[in-house]
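To keep things clear, I will list the structure first and then write my remarks on it.
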Amino acid sequence: MIRPLERVRFIAALHPAHPLLRRRRIALADFAGEPLIMPPRDVTPRQFDRIVGAFREAGIAPRIGQHARSIAAQLGFVASGLGYALVPEYARRLAMTGVAFRPMREDLESAPLSLMWNETRVPPQLEAFRRLVDAAFPVRAAQRTSGPRPSRSARVAPPRRGTAR
């Protein structure tokens with residue numbers, strides 16, 4: 001099963017001394033020539049392609065200054081003054097000294113955040129975990145009614161104890 005949790009937009013992570021922080025929103029073109037800190041393509045191909053493609057659509061090429069294999073590492077490089085990063089909005093929750101965030105002018109979406117599990121193999125901890133996820137990411141009305149639903153054949157009930165299949 002797949003339960004969409006939220007659609008995530010990219011935001012800019014900047015060093016607090018960066019002059020672009022005076023703006024309320026930042027355009028990709030504003031970063032022309034500045035060092036971008038991002039994961040290498042082999043770590044997050046969809047995110048990498050989305051960011052590079054957005055720069056291409058804006059008519060500029062990003063100047064990749066550093067590769068970082070995690071969001072925390074990206075923010076660490078930003079805090080050190082080595083460049084800026086485009087990170088998912090939830091990176092704000094990593095609250096790191098030396099990093100400030102601004103929304104982007106462009107509508108850049110990252111891969112949607114989702115919870116996935118195999119209904120044919122449901123460990124006892126799954127229900128407790130799903131309750132925590134539901135509390136953190138309440139189901140919105142649009143999520144209840146949108147998107148394809150799995151077909152009956154795709155929804156396989158787990159075997160009951162004491163019965164063979």
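If the segment from ARG3 to ARG93 were pulled out straight at 0.36 nm per residue, it would be longer than the present Cα-Cα gap by 30.2 nm.
Across all Cα atoms of the range 7-103, the radius of gyration (one decimal) and Dmax (whole number) stand at 12.1, 34 Å. Within the range 21-50, what residues put their amide N at less than 14 Å from the label point 7 Å along the Cα-to-Cβ vector of MET116? From the range 21-50, the list is 45-46. A straight line joining the Cα centroids of the range 10-54 and the range 60-129 runs 12 Å. Rounded to 0.05, the FRET efficiency of the ARG105 and ARG130 pair, given R0 = 35 Å and the Cβ-Cβ distance, is 0.45. As a calculated quantity, the FRET efficiency between LEU21 and ARG41 at R0 = 25 Å, using C-beta atoms, amounts to about 0.30.
Computed from the coordinates by the stated procedures, all read-outs in this text should not be read as laboratory data. For clarity, every value in this text was computed on a predicted model and none was experimentally measured. Every residue, glycine among them, receives a Cβ derived from its backbone with ideal geometry; neighbour counts consider all protein chains shown.
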